[in-house]
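The structure appears right after this line, and notes come after that.
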Protein chains: 2
Amino acid sequence: MSGQPSSSTVRLAAETWEALFRSQVAVMRRLQSAPAFKKMPAKEYDVLFTLSRCPSGKLRLNEINDKVLLSQSSLSRLMDRLEKRGLVARGVAPDDGRGVLLELTEAGLELQKTIGREHVRDIAELVAPALTPAEQRELLRLTEKLRASVSGH
Amino acid sequence: MSGQPSSSTVRLAAETWEALFRSQVAVMRRLQSAPAFKKMPAKEYDVLFTLSRCPSGKLRLNEINDKVLLSQSSLSRLMDRLEKRGLVARGVAPDDGRGVLLELTEAGLELQKTIGREHVRDIAELVAPALTPAEQRELLRLTEKLRASVSGH
DNA sequence: CCCAGATAGATGCATTTGCATGTATCACTG
DNA sequence: CAGTGATACATGCAAATGCATCTATCTGGG
């Protein structure tokens with residue numbers, strides 16, 4: 001039973017989100033136009049990246065869906081494309097017959113690393129001149145805290 | 001003539017961007033599924049919002065394009081839709097015969113305000129519990145600094 | 001003034017996306 | 001263990017998107 005949120009509380013939250021969102025747009029626009037994404041659209045790379053980062057190397061479709069801003073059906077078809085190109089392999093989830101377990105192929109891992117190296121350089125060229133290391137660490141902490149709170153429930 | 005960026009510099013920048021990006025995805029996913037966006041997709045609302053925020057009330061197509069993650073052609077057609085629904089009006093730019101000047105209609109402004117009120121509440125419900133006001137102000141400052149640096153050049 | 005190049009925006013077309021729905025598996029209840 | 005509802009993913013189809021290209025206007029020499 002919390003009270004009414006004050007108008008200034010609401011406004012601060014809205015302005016914060018607005019700034020976060022616009023900065024994301026500005027950075028993403030630059031990144032997407034970089035040569036790294038001539039080979040493959042950013043959304044597809046993002047899926048390869050997500051798989052490459054996962055300890056077990058395998059992820060369920062719905063786990064990936066949490067990390068990417070795509071509908072379930074769009075992600076399913078994106079996987080079709082990646083599978084057709086031989087970059088990922090679909091498997092059956094061991095404990096759930098409905099589930100699909102996705103894994104990078106050798107070729108998929110190679111492509112991820114190739115694009116990734118270039119992409120990371122592009123990121124650093126945008127972010128490093130903009131914020132001091134201490135500021136970057138603080139931004140990292142705050143966005144991670146926000147993400148945890150939001151995906152928490 | 002700056003030297004080689006160190007590996008840790010590059011990594012910090014990459015991790016910072018990654019955290020910013022994922023937090024944006026998590027929040028946006030929640031916001032998009034809110035009832036506020038039953039009436040209209042988020043990208044279309046975003047354009048109405050951008051126009052409503054502009055002091056003169058009028059913006060060029062390419063100015064709007066800087067704020068939104070859409071290709072020029074997609075934005076042009078999004079405007080077709082909004083115009084067809086009577087929410088925005090296209091006009092000719094006074095000093096440039098090639099340019100198009102966009103303006104909200106009365107109906108467009110009303111719809112923006114209706115969705116906006118609801119949307120702002122949704123934002124506050126996600127952001128306010130996640131970060132203290134001081135943290136929000138700091139996040140606002142850092143993302144604004146990043147955006148300014150990136151769109152600067 | 002004219003012409004070459006640049007810029008703003010519109011349009012044809014193939015690809016991608018999301019909504020609604022379909023199918024298969026799971027989980028719970030009685 | 002049959003039955004009901006929920007969950008995971010796939011698919012038909014209409015709509016949205018991006019790339020390449022087109023038209024029109026602007027800009028800067030000569």
Placing each pseudo-label 7 Å from Cα in the direction of the beta carbon, A:Glu125 and B:Gln72 end up separated by a distance in nanometres of 2.2
I'd like the carbon and sulfur percentage of the solvent accessible area for the protein assembly as shown, probe radius 1.4 Å, heavy atoms only, ligands and nucleic acids excluded.
52
With the label 7 angstrom out along Cα to Cβ, how close does B:Glu103 come to the same site in each of the other copies, in nm, nearest first?
6.2
Which residue is it, in chain A, whose C-beta lies closest to the A-to-B rotation axis, and what is that distance in whole Å?
A:Gln24, 2
Mind listing the label-point distances from B:Arg141 to the same position on all other copies, shortest first, one decimal in nm, points 7 Å along Cα→Cβ?
1.3
For the protein assembly as shown, accessible area per residue (1.4 Å probe, heavy atoms of protein chains only), Å²:
53
Please compute the Kirkwood hydrodynamic radius of the protein assembly as shown from all pairs of different C-alpha atoms, in Å with one decimal.
21.1
Distance from the Cα centre of region B:135-153 to that of region B:41-91, in angstrom?
23
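How large is the helix-only mean residue ellipticity at 222 nm for chain A, computed as the sum of -39500 (n - 2.57) over DSSP H runs with n ≥ 4, divided by its residue count, in deg cm²/dmol to the nearest 500?
Taking each H run of at least 4 residues, the total per residue is -22000 deg cm²/dmol.
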Percentage of interatomic Cα-Cα distances in region B:22-103 larger than 19 Å
40
At a Cα cut-off below 18 Å, give the aspartates and glutamates reachable from A:Lys39, other chains included and same-chain residues fewer than 8 away excluded.
A:Asp80, A:Glu83, A:Glu106, A:Glu110, A:Glu118, A:Asp122
Through the Karplus equation 6.51 cos²θ - 1.76 cosθ + 1.60, θ set to phi - 60°, convert the phi angles of region B:17-26 into ³J(HN,Hα) values in whole Hz; use x for Gly and Pro.
4, 4, 5, 4, 5, 5, 5, 4, 4, 4
Cleavage-rule hits (GluC sites (Glu not before Pro)) in region B:89-153: DSSP loop, at most 13 neighbouring Cβ within 10 angstrom
none
Quick one: helix B:42-53 against the long Cα principal axis of chain B, what's the angle to the nearest 10°, folded into 0 to 90?
80
Per DSSP, the loop-located trypsin sites (Lys or Arg not before Pro) within region B:15-96 having at most 12 other beta carbons within 10 Å are B:Lys39
To one decimal place, what Kirkwood hydrodynamic radius in Å is obtained for chain A from all pairs of distinct Cα atoms?
17.9
Taking the Cα atoms only, what angle lies between the long axis of helix B:133-152 and the longest principal axis of chain B, rounded to 10 degrees?
80
Tell me which lysines have Cα within less than 25 Å of A:Lys43's Cα, excluding those fewer than 8 residues away on the same chain?
A:Lys58, A:Lys67, A:Lys84, A:Lys113, A:Lys145, B:Lys38, B:Lys43, B:Lys67
For A:Ala93 and A:Ser6 in one chain, what is 0.36 nm times their gap in residues minus the Cα-Cα distance, to one decimal in nm?
26.6 nm
Obtain the radius of gyration and the Kirkwood radius of region B:83-139 from its C-alpha atoms and give Rg over Rh.
1.25
Cα-based helix-to-principal-axis angle, A:106-127 vs chain A, degrees rounded to 10
20
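The values are calculated or read from the model by the stated rules, or taken from the named source; none is laboratory data. Computed from a predicted model, the values in this text were never measured in an experiment. Note that we place each Cβ from the backbone using ideal geometry, even for glycine, and neighbour counts take in every protein chain shown. In case anyone asks, the SASA skips ligands and DNA or RNA and just uses the protein heavy atoms, side chains included. Shrake-Rupley method; radii C 1.70, N 1.55, O 1.52, S 1.80 Å.
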